[in-house]
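A.B. asks: So that we are looking at the same thing, I have put the structure below in structure tokens.
The values are calculated or read from the model by the stated rules, or taken from the named source; none is laboratory data. Computed from a prediction, not measured in an experiment: that's the story for all the values here. Neighbour counts run over all protein chains shown; Cβ positions are idealised from the backbone, glycine included.
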């Protein structure tokens, strides 16, 4: 018997088999939901620490931007020191 006849025999045997009907969607979605909740917690800590580190940098950058956008503001801020 060559390989093609053997594969045809396997195909016909597979056609005669009954496929079991199993519903695992509830268990699978519960497992996925559990994994997602567990994996988000460390990322939340990293995000909060990153935000705490970036906030002072953003405030200083905003002040530098405001100063560079209005050059006369620097002159008027320096005026009290010039008077002394």
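A.B. asks: For residue 48, state whether it is modelled with pLDDT of 85 or more and either part of a helix (DSSP H, G or I) or at positive phi (or both).
C.D. replies: In short, yes.
A.B. asks: Working carefully through the options 36, 19, 74, find the one that is loosely packed, with under 10 Cβ neighbours inside 10 Å, in a helix (DSSP H, G or I) and at pLDDT below 90.
C.D. replies: Of 36, 19, 74, the one residue that is loosely packed, with under 10 Cβ neighbours inside 10 Å, in a helix (DSSP H, G or I) and at pLDDT below 90 is 36.
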